[in-house]
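A.B. asks: Let me give you the structure first, and then I'll get to my questions.
The values are calculated or read from the model by the stated rules, or taken from the named source; none is laboratory data. The shown structure was predicted, so the numbers you read here are calculated from the model rather than taken from an experiment. Positions of Cβ are generated from backbone atoms using ideal geometry, with glycine treated the same way; all protein chains shown enter the neighbour counts. Ligands, DNA and RNA are excluded from the accessible area calculation, which covers all protein heavy atoms including side chains. Shrake-Rupley method; radii C 1.70, N 1.55, O 1.52, S 1.80 Å.
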Amino acid sequence: MDDDLEHALVSVGPRLRALRRQRETTLADLSAATGISVSTLSRLESGARRPTLELLLPLARAHGVTLDELVDAPPTGDPRIHLRPVVRYGMTMLPLTRRAGGIQAYKLVIPAGSARRQPEPKTHEGYEWLYVLNGRLRMVLGEQDLVLSPGEAAEFDTRLPHWFGAADADAVEFLSLFGSQGERAHLRARPRTGQERSGS
């Protein structure tokens, strides 16, 4: 049990760093949100500072995750995923995955009446794939200004300046798969035929 506890505590640092980078938050921003100094946050992420409950509680709240998720506690047998929405850039982001690394899945909702927002393209490391569920999504990608309708998908390198918004007065719902290390989503556009499967 001591080994399990030690392993959980050691894994907190990399998990905190991954969560912060995934949410595009700086140490200074996180310090302002939690009241924990930048140096302490940096030492926590590097593993130089041992995490305590007093430090983990405000960090879990700031990242919108549970303490169990933050320390990667073993599953209790409850199959339900307790999702915590996060509001960023005028959008509600609902995480659909629980792990700190690898490809992350989100459902995003842009509220009705937000079509007048001025695009503010941003860049960061990674690769993103998105699929529109409802509404019309305006996507500014580099020099392109596109409108995606329900059922349409797009994928792009997030180092290209990009921005999402509603194309009209209606709300927009879309799914996003994001890989911070540049992982791409591989999709098969149509089922393979018997000839393709046999290699002829």
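A.B. asks: Tally time: how many residues in region 123-146 are part of a strand (DSSP E or B) and either under 20 Å from Leu94 (Cβ atoms) or open to solvent by 50 Å² or more (accessible area, probe 1.4 Å) (or both)?
C.D. replies: Applying the first criterion (part of a strand (DSSP E or B)) to region 123-146 yields 127-134, 137-141, 144-146.
From the residues that got through so far, the ones that are either under 20 Å from Leu94 (Cβ atoms) or open to solvent by 50 Å² or more (accessible area, probe 1.4 Å) (or both) too are 128-134, 137-139, 144-146.
The qualifying residues number 13.
A.B. asks: Still on this structure: Anything in region 13-30 that is among the acidic types (Asp, Glu) and under 16 Å from Arg61 (Cβ atoms)? List them, or say none.
C.D. replies: The first filter runs over region 13-30 and keeps only residues among the acidic types (Asp, Glu), leaving 24, 29.
Passing the criteria: only Asp29.
A.B. asks: If you go through region 135-170, how many residues are more than 20 Å from Val86 (Cβ to Cβ) and of a type in the set (S, T, N, Q)?
C.D. replies: 2
A.B. asks: Could you tell me how many of the residues in region 103-133 are free of Cβ contacts under 8 Å to residues at least 40 places away in the same chain and more than 20 Å from Gly179 (Cα to Cα)? Spell out how you get there, then give the answer.
C.D. replies: Quick first cut of region 103-133, residues free of Cβ contacts under 8 Å to residues at least 40 places away in the same chain only: 116, 118, 123.
When the remaining residues are screened for being more than 20 Å from Gly179 (Cα to Cα), the result is 116, 118.
Final tally of qualifying residues: 2.
A.B. asks: Then there is this: In region 68-122, which residues are assigned to a loop (DSSP other than H, G, I, E, B), at pLDDT 70 or above, within 26 Å of Leu44 (Cα to Cα) and open to solvent by 80 Å² or more (accessible area, probe 1.4 Å)?
C.D. replies: Pro85
A.B. asks: Only one residue in Val140, Val109, Val172, Val132 is under 30 Å from Asp68 (Cα atoms) and either of a type in the set (Ser, Thr, Tyr) or out of contact with any helix residue (DSSP H, G or I) (no Cβ under 8 Å at 6 or more places or on another chain) (or both), so which one is that?
C.D. replies: Result of the check over Val140, Val109, Val172, Val132: Val109.
A.B. asks: Continuing with the same structure: Just to be sure I understand, how many residues within region 147-200 are modelled with pLDDT of 90 or more and exposed (fewer than 10 other Cβ atoms within 10 Å of the Cβ)?
C.D. replies: Qualifying residue count, region 147-200: 1.
A.B. asks: Given the structure, is Leu19 modelled with pLDDT of 90 or more, surrounded by 14 or more Cβ atoms within 10 Å (Cβ to Cβ) and part of a helix (DSSP H, G or I)? Give the derivation first.
C.D. replies: Working: modelled with pLDDT of 90 or more: no; surrounded by 14 or more Cβ atoms within 10 Å (Cβ to Cβ): yes; part of a helix (DSSP H, G or I): yes.
In short, no.
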